[in-house]
Amino acid sequence: DLIVGNNRKAELVSILDDYFNSRPEEDLVIDIGKTHEYENLSISRIADHTRAFIKIQDGCNQFCSYCIIPYTRGRVRSRNAEDVVEEAKRLAEAGYSELVLTGIHLSSYGIDFPEEEKENLLGLIKKIHQIEAVKRIRLGSLEPRIVTETFAEELSGLSKICPHFHLSLQSGCDETLKRMNRRYDTKEYEACCDNLRRWFDNPAITTDVIVGFPGETDEEFEMTKAYLERIHFYEMHVFKYSKRQGTRAAAMENQVPEQVKSARSDLLLKLDETMSKEYRLSCLGTEKEVLLEEKITIDGIDYMIGHTKEYVKAVVPYTGPEQKNQLIVGRLDHMLTDEIVYLV
C-alpha cells in the first residue's frame, strides 16, 4: 500500500495521516546511492537512564566484498557538528552520564563535508569533550586506519574518553583480507593496536571476526587464530560468513561448508572466552571509575552493577535505587563471577 524511504522515518506520522485521509503523497523514496542529505533525527530521552547513543554518520563508501550496506544505506553522509554538539548538551543536561557516538562507518565522519566546512571525528570528539555536563564519551566501531599515532595521542589527552576501542578486523590472514576488500593488512592493524596501547594504560580492544569466508582454507583460518591470540583482544564478536545476494562474495568460488564454519566459530568463541577472562583478571587491583546502571541479584544477594570505562562489568553492594547513574571510583578487588568484578 505504501513504501516509505529510510530518509523519511521522521515524517511517518504525517505521511500516514495523509494516506488515511486519501491524500497519498508521491515520491516517498529516493535513490539512496545519490543522496547526500543526512537524516537529522535527534533524541532528548531514552529508556536507559545512564547511557545515550548519538548517531553522527550514515552510509559507507568502503564496499567490502561481503557487505550490502553501501547499496542499502547509500554513501557516507555526516551530521552537522553543531547539531551533534547541541544534542550532546541536551542529553548530558538531562542526566545521561555516558554518550556513545555511533554511525554506519564512524571513522569516515566529515569526509563528505565541503572543504570550507571540513570536520573530522577527532575534532567533533574534542567539541563534545568541552561540554561541562558530559562525563563520559564512548566510541562505536572504528575502522583501524583512523588510529594513527596522532589520533591515539590526542585521544589519550581527553579525560572523558573511555579507553574501550572496537577495531573491526574480520580476518587475521592477509589473503582473506584482500578477498574481503578490507583496505589494510594485518601488519597495519597491529600497528593501530600498538598505538592505542602506547598511549593508554591497558585499553580494552575489541573486534569482529568472520569465519568461513569464501576461499578460507584451514591454513588461513589457523593464521587468523594465531593472529587473534597474539593481538590478545578483550572481546571478539565472531560471525559465520553469510551470503548477501548482490555482493561480490556471494558469487565467489570455494564457498565454505556450514559445518566447517561452525567448527571454526566454536574454536574462536572458546578463545574469546579465555582472552576476555584474562583481560578482566589483568584489571584486578587497579582503581577504576564505574557507572552504576541497574540492580541485580547473585546467589540471593543484591548488587548494583555497572561498567568501567573499559566496559568491564563491576558490582557494589546494593543500598537503594538512588545508586543508579552514579559514577563511583574504587578498586577492582576480585572476580565475583566469571564475567563480573567486585569493586571496593
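Quick notes on this structure:
- For region 171-186, a residue qualifies if it is over 12 Å from R145 (Cβ atoms), free of Cβ contacts under 8 Å to residues at least 60 places away in the same chain and surrounded by fewer than 22 Cβ atoms within 10 Å (Cβ to Cβ), and the qualifying residues are D174, E175, K178, T186.
- Search result, residues across region 227-264 that are of a type in the set (A, V, I, L, M, F, W, C) and open to solvent by 60 Å² or more (accessible area, probe 1.4 Å): F239, A251
- Considered as a group, the residues in region 210-255 that are assigned to a helix (DSSP H, G or I) and among the β-branched types (V, I, T) include one that is farthest from the chain's Cα centre (by Cα), and that residue is T224.
- For region 65-93, the candidate set comprises residues that are over 21 Å from N120 (Cβ atoms) and touching a strand residue (DSSP E or B) at 6+ places or on another chain (Cβ under 8 Å); within that set, the residue that is surrounded by the fewest Cβ atoms within 10 Å (Cβ to Cβ) is A92.
- Lone unmet requirement of (1) open to solvent by 10 Å² or more (accessible area, probe 1.4 Å); (2) at pLDDT 95 or above; (3) farther than 24 Å from E188 by Cα for P163: (3)
- Filter result (open to solvent by less than 40 Å² (accessible area, probe 1.4 Å), assigned to a strand (DSSP E or B) and not basic (K, R)) within region 269-310: V290, L291, L292, E293, I296, I298, Y303, M304, I305, G306, H307, T308
- Across region 314-344, the qualifying residues are those that are part of a loop (DSSP other than H, G, I, E, B) and aliphatic (A, V, I, L, M), and the one among them that is least open to solvent (accessible area, probe 1.4 Å) is I340.
- For region 176-205, filtering for residues that are in a helix (DSSP H, G or I) and either of a type in the set (K, R) or under 30 Å from R248 (Cβ atoms) (or both) leaves 15.
- Annotation note: of A263, A250, the sole residue that is farther than 22 Å from I205 by Cα, modelled with pLDDT under 95, among the aliphatic types (A, V, I, L, M) and out of contact with any Asp or Glu (no Cβ under 6 Å at 6 or more places or on another chain) is A250.
The values are calculated or read from the model by the stated rules, or taken from the named source; none is laboratory data. None of these values were measured; they are calculated from a predicted model. Neighbour counts are summed over all protein chains in view; Cβ atoms, including those assigned to glycine, are modelled from backbone coordinates with ideal geometry. In case anyone asks, the SASA skips ligands and DNA or RNA and just uses the protein heavy atoms, side chains included. Shrake-Rupley method; radii C 1.70, N 1.55, O 1.52, S 1.80 Å.
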